[in-house]
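The values are calculated or read from the model by the stated rules, or taken from the named source; none is laboratory data. Worth saying up front: this structure is predicted, and the values here are computed from it rather than measured. Heads up, the Cβs are rebuilt from the backbone with ideal geometry, glycines too, and the neighbour counts pull from every protein chain shown. Note: accessible area is taken over every heavy atom of the protein model, side chains too, but ligands, DNA and RNA are not part of it. Shrake-Rupley method; radii C 1.70, N 1.55, O 1.52, S 1.80 Å.
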Amino acid sequence: LISPTPVDTFLSDHLEKKVLFVQRDNNREYFEGILSKNEISEWLKDGKLSHNIDMTLSRYVDGKRETLYHDSSVKATPEKVWQDFKSPVNASLRILRPQQHADMLWKIVASLESYFGCCGGANSYLTPANSQGFAPHYDDIDAFILQLEGKKQWKVYKPYSGDDEELKALFPYLPRVSSRDFTEEEVSNLNLVLEIELNPGDMLYIPRGFVHQARSSPDIHSLHVTISTGQKNTWGDMLLRALPRAIETAVRDDQSECRMLRESLPKDYHKFMGVMHSDQDADTRRMEFSAHVVKLVQQLLLERLDVDLAADQMYAKFLHDRHKPRRVVENDSDDSE
């Protein structure tokens, strides 16, 4: 995907840190065979795509994104889809999990999963000429964007690094969930880090949390596929597994020191703790209460963190959810028949 960029360079300089643009002027067929507009047309003819389950149709006009048929799950018909794809509607067609129908794409996603040790995914985006399907936003994944057909202009913005607390909350560092749609006014608070045009064979890597938007060129449609990795595979996600178990283990432990966890809270704690009392810094009861909580965590919970078990649970979930080798999926399908 990233060739000729060395893998070590990507891991040290780009992963979760900086965008990477790989231009392939001399090899526009680099991604040939992954997916095409004609293949998508065949999927529609074969009745493989249902609205809001396998695909969506959307457009971004005058600062607003509209999703067509947002409350429907019926099979998409090629006649209606291509009618909406053309002017004046100019809707962008997003295919969810296209790797289910495209073997080469399945293999790429599965290979990326094996390398990073976490689940991956893919969406494809077919956009009519001179159109935009989605508002500026950031994602909760690291994205490898492969341009397959046509051209698309991309704008990518550097994460917010100022002191405004509201903007910090709006544009968090390495977010765990994707953002809502942003307005152009909101995006104006960010610095544009890259503005380029992707042509067939080009690749763009966008780290998690980098706001971006894209528009097809005026003269031709665009087809690209976004391959994702890194979703909810963080230190925080592992601790979300480890800490509740540590608390449960300590609460059940009958050692004398752990019995403190089963003692009742002070009967009047609500009179000095809580948000409504958070500005009472001089209240000694607050200081003593908070200090006691810290003591319980440090003395009783940290030593009971079972990091190995949490790591096993993370990886077991990955092994369960990951893409199986294609031949295994085909065999499973044959057995079910």
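Restricting attention to the stretch 150-243, the count of lysine pairs at 8 or more positions apart or across chains with alpha carbons under 26 Å apart stands at 5. Largest GNM mean-square fluctuation across Pro172, Pro128, Pro88, computed for the chain with C-alpha springs under 10 Å, falls on Pro88.
How much length would be gained if the chain were fully extended between Gln100 and Ala282, taking 0.36 nm per residue of separation minus their Cα-Cα distance, in nm to one decimal? Write out the running numbers ahead of the final one.
On the way: separation 182, 0.36 × 182 = 65.52 nm, distance 6.08 nm.
Contour length minus the Cα-Cα distance gives 59.4 nm.
Over the chain, dividing the summed -39,500 (n - 2.57) contributions of all DSSP H runs of at least 4 residues by the number of residues returns a 222 nm mean residue ellipticity of -9000 deg cm²/dmol.
Pairs of lysines 8 or more apart, or on different chains, with alpha carbons under 30 Å: count those in the stretch 1-147, would you? Close lysine pairs under the 30 Å cut-off: 25. Between Glu263 and Ser72, the contour length at 0.36 nm per residue exceeds the alpha carbon distance by 63.4 nm.
Taking all pairs of different Cα atoms in the stretch 163-321, averaging 1/r and flipping that mean, what Kirkwood radius in angstroms comes out? Can you show the working numbers first?
On the way: mean 1/r = 0.0472 Å⁻¹.
When all Cα pairs of the stretch 163-321 are included, the Kirkwood radius is 21.2 Å.
Taking the Cα centre of the stretch 1-40 as origin and assigning +1 to Lys and Arg Cβ atoms and -1 to Asp and Glu Cβ atoms, the resulting dipole is close to 120 debye. Computed from the C-beta positions of Glu32 and Tyr315, the FRET efficiency with R₀ = 41 Å rounds to 0.75. Each Cα pair under 8 Å and six or more residues apart adds its separation to the average, and for the stretch 91-235 the resulting relative contact order is 42 percent. What you get for the chain, charging only the Cβ of Lys and Arg (+1) and of Asp and Glu (-1), is a dipole of about 260 debye around the Cα centre.
Express the relative contact order of the chain as a whole percentage, based on alpha carbon pairs under 8 Å and six or more residues apart in sequence. Write out the running numbers ahead of the final one.
Details: 567 pairs, mean separation 71.1, N = 337.
That works out to 21 percent.
By the rule of a C-alpha distance below 21 Å, with chain neighbours fewer than 8 residues away ignored, the lysines paired with Lys267 are Lys295. Fully extending the segment from Phe21 to Lys80, taken as 0.36 nm per residue of separation minus the present Cα-Cα distance, adds 17.7 nm. Heavy-atom surface analysis with a 1.4 Å probe gives the stretch 90-191 a carbon and sulfur content of 48 percent of its accessible area. Taking the Cα centre of the stretch 39-173 as reference, the dipole from Cβ charges on Lys and Arg (+1) and Asp and Glu (-1) amounts to some 440 debye.
The amide H of Gly133, built 1.01 Å from its N in the peptide plane, has Tyr60 as neighbours under 5 Å, considering only residues 5 or more places off or on other chains. Once the 1.4 Å probe is applied to the protein heavy atoms, the chain comes out at 56 Å² accessible per residue. So for the stretch 1-118, taking the charge dipole from beta-carbon charges (+1 Lys/Arg, -1 Asp/Glu), which of Trp106, Val81, Cys118 sits furthest toward the positive end? After comparing all options, I get Val81. Work out the charge dipole of the chain with +1 on the Cβ of Lys and Arg and -1 on the Cβ of Asp and Glu about the Cα centre, then indicate which of Ser58, Ile141, Gly201 is farthest towards its positive end. Comparing the listed Cα positions along the dipole, Ser58 ranks first.
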